[in-house]
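Read through the structure below, which is laid out as structure tokens, and then see the notes.
The values are calculated or read from the model by the stated rules, or taken from the named source; none is laboratory data. Note that the coordinates shown come from a computational prediction; the quantities given were computed from them, not determined experimentally. For neighbour counting, all protein chains shown are included, and Cβ atoms are generated from backbone atoms with ideal geometry for every residue, glycine included. Just the protein is used for accessible areas: all its heavy atoms, side chains included, with ligands, DNA and RNA removed. Shrake-Rupley method; radii C 1.70, N 1.55, O 1.52, S 1.80 Å.
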Amino acid sequence: MANVEIAQERTPKPSKVPDNYPIIRVRDVWVSFSDHPVLKGLDLDVKKGEILGFVGASGGGKSVLLRSIIGLVQKQKGTIEVFGRDLDRLSEQERQAIERRWGVLFQHGALFSSLTVRQNIQFPLREYLDLSERLMDEIAIAKLEMVGLPAFVAEKYPSQLSGGMIKRAALARALVLDPEIVFLDEPTSGLDPISAGEFDDLIKALQQTLGLTVFMVTHDLDSLHSACDRIAALADGKIIATGPIGDMLKSDHPWLRAYFHGKRASSRLNGKKT
Amino acid sequence: MAAQAVSLSQKEEAGKLMLSAAGRWISSFAGQAEHLVTELERKRSKSKSIAIDVSHIEQLDTTGAWLLERMRRDFEDKGASAEIVGLNPRYKILLDEVQQTNTGKHTEEHDDPNPVVGTLSLLGEMAVSFAKDTGEFVQFLGAAVVSFFRVLVRPWTFRFTSIVHQMDRVGFRSVPIIVLILFLIGAILAQQGIFHFRKFGAETYVVDMVGVLVLREVGVLITSIMLAGRSGSAYTAELGSMKMREEVDALRVMGRDPMEILILPRMIALIIALPLLTFIGSMSALFGGMMIAWLYGGFAPEIFMDRLRDAISSSTFWVGMIKAPFMGAVIGLVACVEGFRVQGSAESLGEHTTASVVKSIFLVIVLDGAFAIFFASIDW
Ligand SMILES: Nc1ncnc2c1ncn2[C@@H]1O[C@H](COP(=O)(O)OP(=O)(O)OP(=O)(O)O)[C@@H](O)[C@H]1O
Ligand SMILES: [Mg+2]
């Protein structure tokens, strides 16, 4: 039972990292693309077990930050720690062990186009675990139904799905190993408001039951209000404010005022009051 | 072997079966947990009432919760009543979620058909796809010609820049490789000719052989095959990925005809470039032959040229050149048809790119055969 031993190695050991230490800790991160700086000394903490909403202007660098945390974009300067480990100082194996503990939902889904939805969802299972076909099928269907898709979608190819269905299938894939952190890049864009609401509920349910930490890039004001414990706002390559939605609404920062009290935001708030 | 991370113990009590699950029921240990659960499922239990005590579970995730639920359902399917007890309240939502999944019938795997039927149906499919191919090529060619005439009556819609750009890609940039390959082929032909003709003292006929072969057949064939591999595949991949990302649809909804914007410039570029490349390539092959004849066969270039003038007529040259634009059209046609057939997946893109190269090379050779018959019958 070799895989059991490997599995144990990969599961979190009771670590020396204190409980209140941020699960993601970003310090002074600089990222630029051919001399065009996108992130300019960004600091950010994500606490264990919280849902952090990450907002900022379109093209402001939200996806870039997400991608540099998960190691897809090279940063020029700074440190990023996840699970209390500096990601620059990991061996190949340690890195893999850490990658297994997070799941990522890309902005455009990034499902493998030549695999069916079922095969897509089972991909991480096949890579990391040694399970029977039957159990893998059952897990795939369970995840699919948990993200709100009917079971028959499993045999379809990504090109046969709608945009919202792709999002959900991609979320199912991100969640299949029951990760400790999920990174979501605009999970509710392209979903109808009912589905978006269900999506928020699902994320909250997973957070409460599995102790999931969620890093969510979003423009969805409803998600920010109902799902997020804390919000971090990015402007001009830095975090300009963090805090629960109440603090954001009270803030005097011009960008935050425009974001949370703009026409669309206020009509929403007013709508709620009446 | 590592210590068991999960466990499932059972005891029977007054006709009631008590199962007690403990440990870490999470996906890392799902292999172990599944083993325990299937073993239990295999055994027949007489008890009609089962309680699954989960109060000793340290850690639970969706996979673990599903395994517990699966066990419960299995008992229920066998006509017993089963319930999960002692659940830590924080896992309640999780179990509720899982209980709502996998309720439908399992999708059946369809079994393999009989091998004879399989082969026959494969043959049938191949025949149908061949007929479909032919139909589609003809239809596409028709559409291309129509849009060509449409452009002719409205010459200002002619995409001149685009054609120049495509010509640069498929024509100009292929020059070095075509020159190199045909130079080598000319040289090899000459070397083989000299080597074998020498036995009969007929070395000088090598010039006739190289001249006729290169100008009539080899020049145009090799150039076409090179372009099918180099440019046809690129066309298919480009058009295919544009189709995948709905770029072709975007053109269409903006009222532009993809035929006019994407296909026509590419096909025209190939039709113009192929004769030019054939000419350059053939010259290079003759030059290669001349070099070998000089270095290996020992006749001076002047003798080679004299002999060549006698051996070939202008018809020899034109036979090769006339074929070239048709080859270009075939390659362009196949490449574009295959490109537009690409469906959603990356795999399909690869499949059609391969099909494009294979089919266009095949058609180029078939067409060459047809031309050979035609020219033979008009005595050229
Ligand atoms: N690979 C790359 N090469 C060059 N520039 C890039 C690259 N990736 C991102 N950028 C630039 O970085 C900036 C931030 O992009 P990013 O994708 O992070 O925006 P975003 O905040 O996620 O926006 P949106 O809300 O629209 O998704 C943009 O100006 C973009 O042009
Ligand atoms: Mg983005």
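Things worth noting here:
- 12 Å beta-carbon shell around B:Ala143, net charge (K/R +1, D/E -1): -2
- Extreme residue, positive dipole direction of segment B:6-105, given options B:Trp25, B:Val98, B:Leu68 (C-beta unit charges): B:Leu68
- Gyration tensor over alpha-carbon atoms, segment A:110-249, equivalent ellipsoid semi-axes in Å: 29, 16, 14
- With all protein chains in place and ligands, DNA and RNA left out, the 1.4 Å accessible area ranks A:Lys250, B:Lys46, A:Lys48 as B:Lys46, A:Lys250, A:Lys48, largest first.
- Per-residue accessible area (protein heavy atoms, 1.4 Å probe) orders B:Phe340, B:Phe362, B:Phe200, A:Phe33 as B:Phe200, B:Phe362, A:Phe33, B:Phe340, starting from the largest.
- Net dipole in debye of segment B:264-362 [+1 Lys, Arg Cβ; -1 Asp, Glu Cβ; about Cα centre; nearest 20]: 180
- Each residue was assigned an accessible area with a 1.4 Å probe, and for A:Tyr128 the value is about 60 Å².
- Near B:Arg24, once Lys and Arg are set to +1 and Asp and Glu to -1 for all other residues with Cβ below 11 Å from its Cβ, the sum equals -2.
- Per residue of B:28-40, other chain Cβ atoms within 10 Å of the residue Cβ number 5 on average.
- Per residue accessible area in Å² of the protein assembly as shown, where ligands, DNA and RNA are left out and the probe is 1.4 Å: 49
- Per-residue average of Cβ from other chains inside 10 Å of B:63-69: 4
- Simple rule: put +1 on each Lys or Arg Cβ and -1 on each Asp or Glu Cβ in chain A, find the dipole, and look at A:Ser159, A:Pro124, A:Gly59; the Cα lying farthest toward the positive end is A:Gly59.
- The slack between A:Lys156 and A:Asp43, meaning 0.36 nm per residue of separation minus the straight C-alpha distance, is 36.5 nm.
- 5 angstrom amide H check on A:Lys48, placed H, neighbours 5+ away: A:Ile23
- Probe 1.4 Å - accessible area at B:Ile378, Å² to nearest ten: 80
- Protein accessible surface hidden between A and B, which excludes ligands and nucleic acids, total in Å², probe 1.4 Å: 3000
- Spatial extent of segment B:167-289: Rg and Dmax, with the Cα atoms as the point set, Å: 19.7, 70
- Rg and Dmax of segment B:67-191, Cα atoms only, in Å: 33.1, 90
- Radius, Kirkwood style, for the protein assembly as shown when every pair of distinct Cα atoms is counted (Å): 30.6
- Overall, the accessible surface of the protein assembly as shown at a probe of 1.4 angstrom is composed of carbon and sulfur to the extent of 60 percent.
- Whole-Å distance, taken between Cα centres, linking segment B:245-283 and segment B:156-220: 24
- Rounded to the nearest 20 debye, the dipole size of the protein assembly as shown about its Cα centre is 1220 debye, using +1 on the Cβ of Lys and Arg and -1 on the Cβ of Asp and Glu.
- Extending 7 Å from Cα along the Cβ direction at B:Val366 and again at B:Ile378 yields two label points whose distance is 2.2 nm.
- The accessible area of A:Arg25, taken with all protein chains in place and a 1.4 Å probe, comes to roughly 60 Å².
- For chain B, lysine pairs with C-alpha atoms less than 28 angstrom apart, excluding pairs fewer than eight positions apart on the same chain, total 25.
- Chain B - charge dipole about Cα centre, Lys and Arg +1 at Cβ, Asp and Glu -1, debye rounded to 20: 460
- Amide hydrogen proximity for B:Ser49: with H placed 1.01 Å from N in the peptide plane, the residues at 5 or more positions away or on another chain lying under 5 Å are B:Leu17, B:Ser81.
- Calculated over chain B: convex hull of Cα atoms, volume per residue (Å³): 286
- Rounded to whole Å, sorted largest first: equivalent-ellipsoid semi-axes of segment B:6-105, Cα gyration tensor: 20, 15, 14
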